Amino acid sequence: MISVRFVVVVTLLYATAVWLLHVDPATSAALVQPHGPQSRVARVSLDEGVELDSSARRRRDAVVEMALHAWKGYVQFAAGHDELKPVSRRGADGWGGTGPTAFDALDLLLLMGAHDEYAQAAAMVSRVNFDTRFSASVFETTIRHVGAMISAFEMTDDEKFLRIARKVADKLLPAFKTKTGIAMHQVGLTGGATQNEQWCNGKTILAEAGSLQLEFRKLSALSGEAKYARAATKFTDHVVKTSLNGWPTNRDLYESDAPTMPHRGLWPSFVDPVSGKWSGAASLASLSDSYYEYLLKQWILFGKKDDHLLSLYEDTVEAILHHLLRYTPKTHLAYIGHAGIGFEPTLDHLTCFVPGMLILGVMHGAHEQPGRGRSWTTDDVATAAVDLASTCYRLYLESPTGIGPEIVSFESDGTYSVMNPKYILRPELIESLFYLHRYTEDDKYRDWGWSIAEAINKHCRTDAGFTAIADMRKVPAEPKDSMESFFFAETLKYLFLLFSSADVLPLDEFVFNTEGHPFRIV
Ligand code: DMJ
């Protein structure tokens, strides 16, 4: 059942959209009536009791305008295609026609109360044909498509979304048929043939195998079918077994040429789906990032009962605080590097999700469990989060476009150099600002988020939508003609939430999957 709180929230959001879209409330109200016994969109009415100051409201309205601009461009030039090319104004179909843009935009449009646009997206996701000869990424399809459908189902009670989630997850299940049960990277949507990437040497990527559990476990809880949870938790079982088996010093657990992990709590980026052995360096960037996030989020989503998950997460926090978090000399910039044979002083944009993860742990008392014997306090964790977010923001602030780079490297004199200057409309810093604002209620984080929204509007906006740019140091920015679906699911959603009241998707009731789709805590 949709809670009263959720209905109030949608109510408030809807009012904004009615105003923005100049939709007649009477007409719109008719559009949100139940349209079938099993199928209903949350009922909405006009603004009541919102505690939102006028500047937050103005900024939130501006984010709604950005989202509607992007959606309109997608519908006009790329409807039904996987993504919009916002400069050449056409569709791109690199996802085999599985339509991630409509999936990823759906819950944002619903949250914003943009009912017509939501109905367009809902119709599009219903039309996608998954019986197609395409080899899909198990991870991406899980976090985008399955995640979006779970979220849409929980927000609307519309059974068709649950049916789609199950259909897609069923297509992905053959990926788990390995000796260890650890999922392969890709699976054929017809035929179920699986493969791992050549550049990974046949190994499975940690972030991929380790970021399916929120979706598959939730799907089991919603459908009553144990097969989804059973498949995805094989990987967690493997991690737990490894950690109880002398990790990280037991060499039998590694590929023969792999470096031993420098610290407990860090995990190599690759695991062999046949032998279960580990290899590669550790980081909180690509290849690894959301694995760590899912340790904490699974613990929260499923009732804070699984002590193994909490313990694994705490080990990681320990490793971050004592070994990976460094401060530059003189400039005192906090960052998290990579660890393999040695320490690499680079910070990836992707790693800017870590402040948000740490704060979520703090908010849920992950560091206050009795008798854990940890050497740090909740305050240490919160301070690390604040410092790291400040560095991530500084990378935005000090750039000519006001947008941060993909990767920087820190030097021994306290300066940094940009190693990869692209910006592909990524959300991680905004996501962290959202958590920090919810926790501290410090409006500084809203100001930071707003300056990023303004920079995106100024340098990434096109007539048809928003584009990735090649170099955030260059004005005018050179567009890359691509708008990833996570721009809707995360970048715009976290901006929208940053400027909304804390009653919108409250963090004691919802957990966001790594693609920004909210799941109700079980
Ligand atoms: C998103 O698809 C997800 O957040 C994923 O976990 C990693 N990166 C992208 C956005 O940058």
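List pairs: first in the stretch 353-381 and at pLDDT below 90, second in a helix (DSSP H, G or I), Cβ under 6 Å, 6+ apart or cross-chain?
HIS367/THR378; HIS367/VAL381; TRP376/LEU321
Considering only the stretch 370-421, state which residues are of a type in the set (D, E, K, R) and either over 24 Å from the mean Cα position of the chain (by Cα) or not in a helix (DSSP H, G or I) (or both).
Within the stretch 370-421, ARG372, ARG374, ASP379, ASP380, GLU398, GLU406, GLU411, ASP413 meet the criteria.
May I ask you to list the residues in the stretch 393-435 that are more than 13 Å from the ligand (Cβ to nearest atom), within 14 Å of ALA334 (Cβ to Cβ) and not small (Gly, Ala, Ser)?
Residues satisfying the conditions are TYR393, ARG394, LEU395, VAL408, PHE410, TYR416.
Would you point out which residue out of GLU431, GLU515 is closer than 30 Å to LYS305 by Cα, touching a residue at least 60 places away in the same chain (Cβ under 8 Å) and not in a loop (DSSP other than H, G, I, E, B)?
One residue alone meets the criteria, GLU431.
Being near the ligand (Cβ under 10 Å from one of its atoms) and not small (Gly, Ala, Ser) is the filter; apply it to the stretch 477-498 and report the residue that is surrounded by the fewest Cβ atoms within 10 Å (Cβ to Cβ).
In this case the residue turns out to be GLU484.
Of everything in the stretch 331-364, what is aliphatic (A, V, I, L, M), part of a strand (DSSP E or B) and within 16 Å of the ligand (Cβ to nearest atom)? Give them in sequence order.
Answer for the stretch 331-364, where residues must be aliphatic (A, V, I, L, M), part of a strand (DSSP E or B) and within 16 Å of the ligand (Cβ to nearest atom): ILE336, LEU347.
Could you list, in sequence order, the residues of the stretch 460-476 that are closer than 20 Å to TRP71 by Cβ and either assigned to a helix (DSSP H, G or I) or more than 16 Å from the ligand (Cβ to nearest atom) (or both)?
Within the stretch 460-476, ARG461, THR462, ASP463, ALA464, GLY465 meet the criteria.
Mind counting the residues in the stretch 181-208 that are touching a helix residue (DSSP H, G or I) at 6+ places or on another chain (Cβ under 6 Å) and of a type in the set (Val, Ile, Thr)?
Of the residues in that region, 3 qualify.
Consider PRO273 carefully, then state whether it is outside any strand (DSSP E or B), crowded, with 20+ Cβ neighbours inside 10 Å and out of contact with any Cys (no Cβ under 9 Å at 6 or more places or on another chain).
yes
Would you check which residues across the stretch 293-328 are over 18 Å from GLU368 (Cα atoms), more than 16 Å from the ligand (Cβ to nearest atom) and assigned to a helix (DSSP H, G or I) and list them?
Correct list: HIS322, HIS323, LEU324.
Touching a residue at least 60 places away in the same chain (Cβ under 8 Å), of a type in the set (Gly, Ala, Ser), within 16 Å of the ligand (Cβ to nearest atom) and within 30 Å of ILE164 (Cβ to Cβ): which single residue out of SER269, SER211, SER223 fits that description?
SER211
Can you name every residue in the stretch 228-281 that is among the β-branched types (Val, Ile, Thr) and touching a strand residue (DSSP E or B) at 6+ places or on another chain (Cβ under 8 Å)?
THR242, THR260, VAL271
Which one is nearest to HIS338 (Cα to Cα), of the residues in the stretch 272-291 that are away from the ligand (no atom under 16 Å from the Cβ) and touching a helix residue (DSSP H, G or I) at 6+ places or on another chain (Cβ under 7 Å)?
So the residue we want is TRP278.
Working only within the stretch 221-242, note down all residues that are among the β-branched types (Val, Ile, Thr) and buried (at least 18 other Cβ atoms within 10 Å of the Cβ).
The answer is THR233, THR236, VAL239, THR242.
Take the stretch 325-360 and flag every residue that is farther than 16 Å from ARG394 by Cβ and buried (at least 24 other Cβ atoms within 10 Å of the Cβ).
Residues satisfying the conditions are PHE353, GLY356, MET357, LEU358, ILE359.
Restricting attention to the stretch 243-253, does a residue exist that is outside any loop (DSSP other than H, G, I, E, B) and buried (at least 23 other Cβ atoms within 10 Å of the Cβ)?
no
If ARG90 satisfies all but one of (1) under 24 Å from LEU68 (Cα atoms); (2) under 19 Å from the mean Cα position of the chain (by Cα), what's the number of the condition it fails?
So the condition that ARG90 fails would be (2).
The values are calculated or read from the model by the stated rules, or taken from the named source; none is laboratory data. Please read all numbers here as calculations on a predicted model, not as lab measurements. Cβ sites come from the backbone with ideal geometry, for glycine too, and all protein chains shown count toward neighbours.
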